[in-house]
Structure formats: structure tokens, C-alpha cells
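The structure appears below as C-alpha cells.
The values are calculated or read from the model by the stated rules, or taken from the named source; none is laboratory data. Here the structure is a predicted model, which means the values were calculated and not measured. Every residue, glycine among them, receives a Cβ derived from its backbone with ideal geometry; neighbour counts consider all protein chains shown.
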Amino acid sequence: MLVFVACWPLLASQAGRLIPAIGAGDVGRVLQVISVALGLFLLQKLAQFGQDTLLAAPALQVSQELRRQLFARLQRIDLGALEKLSAGDLTYRLTEDADRVGEVVYKTIQDTVPSVLQLVAVFGYMVVLDWKLSLATLLLAPLVALMVSGFGARVMAAAERSQRQVSELAGLLGEAIAALPLVRAFAAEPWLQQRFETEIDAHRRARYRTLRLLALQHPVVGFLEAAGILAVLLMGAGRIAAGDLSSAGFSSYVAALLMLIDPISHLTTNYNEFQQGQASLRRLRAIEGERQEPADRHGAVPLDRPRGALALEAVSFGYEPGTPVLRHLDLTIEPGQVVALVGPSGAGKSTLFSLLLRFNIVQEGRVLLDGHDIRDLRAAELRRAVALVPQTTTLFSGTVAEAIRFGRNASDDAVRRAARLANADGFIEALPGGYASRIEERGSNLSGGQRQRLAIARAVLGDPAVLLLDEATSALDAEAEEAVQQGLHQAMAGRTVLVIAHRLSTVQEADRILVLEGGRIVEEGNHDQLMQAGGRYRDFCNRQLIRAAEPLQAPAHG
Ligand code: ADP
């Protein structure tokens, strides 16, 4: 940087020698000066290359580190807080905004610092040449600075607005892409198109306001510069006429003056970008402000070999204060018991799961695993002991084996065992690549039943003591259904199972059925008992809310 900057005044002094030589027609001298200048330029550009490459690496590391830290925070974000954030918006922040911050850091060091040094060095040289003239030049500077900073603030506000617009656009796009088949099914394309167009129009307008401000800023600053230079030329003519300055000195002076324009214009641009970068940084830091999942307690109880005894003691929980979802729930489940949860939608079944996984924390009462309050356990250990098979299976793209492993250390044998348990081994072996076959994004190259069986294999890989099962509501064909059921049956053996049941075969197999309604257990017993009792459960079965595997096979006691 120093070499790069020091070359400028040296080049200006060469200009002072060159112009009189050209005027005198002394070709030999002109050649001599030009070769010196050429050498100086070469040195300067080499120095610039060194500076830029040395700085690029750390600047990129800034973006990378920002992303790394924010993603780590995102992974720990409170799930309630996450629901309120848009995936598209978050994506934008972690890609565009993080890049912008890195760019600003790069620009600041790679361009702003040398520009400032260049201003100082070149202006210092001008002071040495003629301090009176330089003083007059300096008077113009505050005027330019004032204009620049005034604009900067407005550019920043406009930039922030336009970045918010892009985020909203990304949010809408995220929603729209996921829902495109649905939109088509409802022939709602014109409506979505309209919504999209409104959004991109708002984006265009916000962007236009920023660009207009920038467009205004450049000519204003440029005009001030030009007027300043012309004023200096006029004063210089006066100084030469008075005999205070030689024409060679004045040539150097003007060359130096021209060398001031570049850094000034760089500083203006960089200042704007700096402001935009700050807007990006603020948007990134907003993620830091989101609620985080509570950390494990100090002195957390280790969970060695979980047995899978679950208990709820007077548990109450609600998402919003004043609207309880679960009310004073008492429940004891012995290790190895299979308990089916049945109830209308909104009864609180999934909420109960979220409490057992500590996604949410009870407001009253306690949730116990093997007699330990789950708040006293380490989250990682709790979730190793309690595995979830969700209603809809999410699979990351990657190989089949990777999907089952899901980041855990497990031998190929263990993966195979889990797959066999989930009744998935057969179809996996039949795939062209076996366990190394690739799963496309969202598992789109697998059937629904295959995805479910992979989800079961994934859950049992860690040999959890407790299995939380959210049965898929969507019907598979009889054959696929049977394959999944068999997988489930094998996976459940020897574990405590809590299943949100939608199938008759599941409830019939359960040791206990809990009927949940309005956040309370309203009935309890096994299938036969509950059918005989003729209460809510029977009503439920009669309304076919619990479905038999095959349509022809009527509920046994229906
Ligand atoms: P179920 O699984 O039995 O259908 P849920 O546990 O999903 O029931 O929901 C129980 C109640 O809690 C419903 O009234 C639902 O609207 C509410 N609820 C569920 N999740 C949330 C959430 N993240 N924020 C606020 N309310 C929620």
C-alpha cells in the first residue's frame, strides 16, 4: 500500500519534467522521463496487485465467519421465533447481506485506506510545491465533504428500504415456489402473478430512489471538483504571472491536482457502500437478537442407558399467555409401553411431542424421562433417547446411507440394521446404487412409503428408548401401507412408543389409547374397552377418523 501510494507524488514530479521537455521539443529528454514514468507505473501496479491479493483473503474470511456464526445461531434459534421468520428472507440475509459486509470490509481496506493515504501524500507534495495555492485549494474541501456526508445519510436510508424490499421479495418467492402446484390446482396464477408484480414494483421503486440519489450525487460532486480545478488553474496563472511559481512546478502541481480526483471519487463511492454495508450488517445482527433455545443447565444430569420411562406431572403449557393448549396433564408411561394418542386436530397432540423433545418448555408441572426432569438433561442426550418419526418426512439431498445416518457416527452395518428394522433394506438394495444411491432434493425420487421407511430407519439408528411417531394422515396404497406398518412394528419393539394414531391397526396394537381433547385426556383404555364404553373414542372410530388399512376391512367393532 505504501509503495503504491508513494508512486503518486513521484509520478507528479515526472509530469513537471515532462511537460517543459515536450514544449522544448527535446525528444531525448522526453524519452528519458517517459521511461522513468513507465518504470514507476510498473512498480505501482505490481504493488497494487500485491495489496489487493493479500487483502482479498481476509475480507472473504469475514463473510465466511459471519455466515458460520449466524448459521450456528440459526440452528439454536427458538423454534417459535423461527416460525415467524421467512425462509427466503433468512436466505437473503445469509447470502447477499453477508457478501455485502465482506465487500465493504474489503473495499475499506483495499481502496479507502490507500485513497486517504494518496490524498495526504499528493496534497503534501502540493504544499511543498506552493503552500499558498494549496491553502486556497483546501478551502474547497469542506464544501465537498459536507455535500458527501449529507448524501450518504439519505443513500443509506434508501438502501435499507430497498434491501428490505429484496428480502420481502425473497420471502414471497420462497412461499410461491413451494406452493406452485397448489396455485396451479386452484388456477390462482393470475392472483399470484399480481401479488408478485406488486412486490417487484415496490422493489423497483425502492431501488430507483437509491439510484436517483446516487445519480444526483455524482454530478454534484463532479461539478464541484471541476469548478475547484478551474479555480486553481486561474489562481495558478496568477502565481506564475507574479513570478512565484515556475511553469514546470505548475505542471507538477496540476498533475498532482488531477491525482486528487480519483481518491476523492473513490471515497464518495466507498462511503455510500459503507452505509449500505451497515444496513446489511444491521439486518444480519437482527438474527442475533432472536430468542435462542435455552442452553443446558450447568451440572446437567447424564443420561447413561435410558430405559424410556416417561411421566408428565400436572403439565400445563400454552404458546400464548392466557391460552393454554395443555391443561394439568398427568400421565405415566412404563418403559416399552405403546401408547396411542387420538383426538381431533388442535387437541394438543403435536404440542405434547414438542414438550417431550424440549422444543417447548412447560409453564407448569414437570416432564420426566427415567425420573429426571428433562430440563435437567442435556438436550443432545435427551434427543438421542427420544427419536421422532414426523408425519411428513424431510430428507436432505445426499445418499440413502447419509439420509439414515443424518450426521451421526454409525457404521455401515448399523445403517443396514436400522434399514432392515424399518423394512427399508429391500427397496434400498433394489436401487441402482444401493445405499450409495442419491436422494434428490426433498426425496422427490422416492415414493411416499419409501420416504416413510427411511424416516423410521433414521429414527431407530441411534437405538432410542422412546419413539415419537406421528402417523402420516395421507393414505398410501395397501401394499405400501403394509410395508410401512411392518417397518413400524419392528421399529417399535422394545421401545416406549407414543404415537399420534390415524390407523386402526396402530390403535389396536397399542397397550393404551389416550383420547385427547382441548388439551386434556378425556378417555383412556385399550381399543376394546373404549369401544364398549361408547364415548368419544367410539364416536371417533365411527366417523372414520381412525382409518382401517384397507377400505374393505371395516373397523372390527365399528
Ligand atoms: P394437534 O397435534 O392435536 O392437532 P397441536 O398440538 O398442533 O394439536 O395444536 C394444539 C393447539 O395449539 C392448537 O390450537 C394450535 O392452534 C396451537 N398451536 C400449535 N402450534 C402453535 C404455535 N407454534 N404457536 C401458537 N399456537 C400453536
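Within segment 486-535, the set of residues being outside any loop (DSSP other than H, G, I, E, B), under 42 Å from the mean Cα position of the chain (by Cα), more than 15 Å from the ligand (Cβ to nearest atom) and of a type outside the set (Gly, Ala, Ser) comprises Gln486, Leu488, His489, Gln490, Met492, Thr496, Val497, Arg503, Leu504, Thr506, Val507.
Has segment 542-552 got any residue that is within 16 Å of the ligand (Cβ to nearest atom), hydrophobic (A, V, I, L, M, F, W, C) and at pLDDT 85 or above? Within segment 542-552, not a single residue is within 16 Å of the ligand (Cβ to nearest atom), hydrophobic (A, V, I, L, M, F, W, C) and at pLDDT 85 or above. Condition first: touching a Gly at 6+ places or on another chain (Cβ under 8 Å) and of a type in the set (D, E, K, R). Can you find one or more residues in segment 17-39 that meet it? No, there is no match, as no residue in segment 17-39 is touching a Gly at 6+ places or on another chain (Cβ under 8 Å) and of a type in the set (D, E, K, R).
If you go through segment 421-436 and keep only what is closer than 16 Å to Leu488 by Cα and not in a helix (DSSP H, G or I), you end up with Ala422, Asn423, Ala424. Scanning segment 461-512 for residues being without any contact (Cβ under 8 Å) to a residue 60 or more places away in the chain and closer than 20 Å to Phe540 by Cβ gives a total of 6. Residue count for segment 26-68 satisfying the condition of being surrounded by fewer than 14 Cβ atoms within 10 Å (Cβ to Cβ), polar (S, T, N, Q) and farther than 30 Å from Asp97 by Cβ: 1. Screening the candidates Arg442, Arg453 for the property of being buried (at least 21 other Cβ atoms within 10 Å of the Cβ), among the basic types (Lys, Arg) and farther than 20 Å from Phe353 by Cβ yields one hit, Arg453.
On the stretch given as segment 311-321, residues that are surrounded by fewer than 14 Cβ atoms within 10 Å (Cβ to Cβ) and either of a type in the set (Asp, Glu) or more than 9 Å from the ligand (Cβ to nearest atom) (or both) total 3. Looking at segment 381-393, is at least one residue within 16 Å of the ligand (Cβ to nearest atom), in a strand (DSSP E or B), of a type outside the set (Asp, Glu) and modelled with pLDDT under 95? Within segment 381-393 (the criterion being within 16 Å of the ligand (Cβ to nearest atom), in a strand (DSSP E or B), of a type outside the set (Asp, Glu) and modelled with pLDDT under 95), the answer is yes, since at least one residue qualifies. Condition first: within 23 Å of Ala465 (Cα to Cα) and among the small types (Gly, Ala, Ser). Can you find one or more residues in segment 426-438 that meet it? So far as segment 426-438 goes, no, none of its residues is within 23 Å of Ala465 (Cα to Cα) and among the small types (Gly, Ala, Ser).
Total residues in segment 437-485 satisfying the condition of being of a type in the set (S, T, N, Q) and in a strand (DSSP E or B): the figure is 0. Looking only at residues in segment 489-503 that are modelled with pLDDT of 90 or more and crowded, with 16+ Cβ neighbours inside 10 Å, the one that is nearest to Ala347 (Cα to Cα) is Ile500. Residues in segment 57-84 that are part of a helix (DSSP H, G or I), within 16 Å of the ligand (Cβ to nearest atom) and within 18 Å of Ala379 (Cβ to Cβ): 4 in all.
Every test in (1) surrounded by fewer than 17 Cβ atoms within 10 Å (Cβ to Cβ); (2) at negative phi is passed by Ala248 save one, and that test is (1).
Do you know which of the residues in segment 270-323 that are farther than 30 Å from Val338 by Cβ and among the hydroxyl-bearing types (Ser, Thr, Tyr) is nearest to the chain's Cα centre (by Cα)? Within segment 270-323, the match that is nearest to the chain's Cα centre (by Cα) is Ser280. Taking the listed residues Pro335, Pro344, Pro324, the one that is touching a residue at least 12 places away in the same chain (Cβ under 8 Å) and near the ligand (Cβ under 8 Å from one of its atoms) is Pro344, with no other qualifying. From the list Leu54, Leu40, Leu31, the lone residue that is touching a Leu at 6+ places or on another chain (Cβ under 9 Å) and either of a type in the set (Phe, Trp, Tyr) or in a helix (DSSP H, G or I) (or both) is Leu40. Residues in segment 347-380 that are under 25 Å from Glu509 (Cα atoms) and near the ligand (Cβ under 10 Å from one of its atoms): Ala347, Gly348, Lys349, Ser350, Thr351, Leu352, Phe353, Ser354, Leu355.
All conditions but one from (1) more than 16 Å from the ligand (Cβ to nearest atom); (2) surrounded by fewer than 20 Cβ atoms within 10 Å (Cβ to Cβ); (3) not in a loop (DSSP other than H, G, I, E, B) apply to Ala418; the one that does not is (2).
Against the criterion of being touching a residue at least 40 places away in the same chain (Cβ under 8 Å) and exposed (fewer than 15 other Cβ atoms within 10 Å of the Cβ), Arg76 qualifies. Residue count for segment 462-479 satisfying the condition of being over 29 Å from the mean Cα position of the chain (by Cα) and more than 17 Å from Thr506 (Cβ to Cβ): 5. In summary, Ala403 fulfils each of the numbered conditions (1) among the hydrophobic types (A, V, I, L, M, F, W, C); (2) surrounded by fewer than 17 Cβ atoms within 10 Å (Cβ to Cβ); (3) outside any loop (DSSP other than H, G, I, E, B) with the single exception of condition (2).
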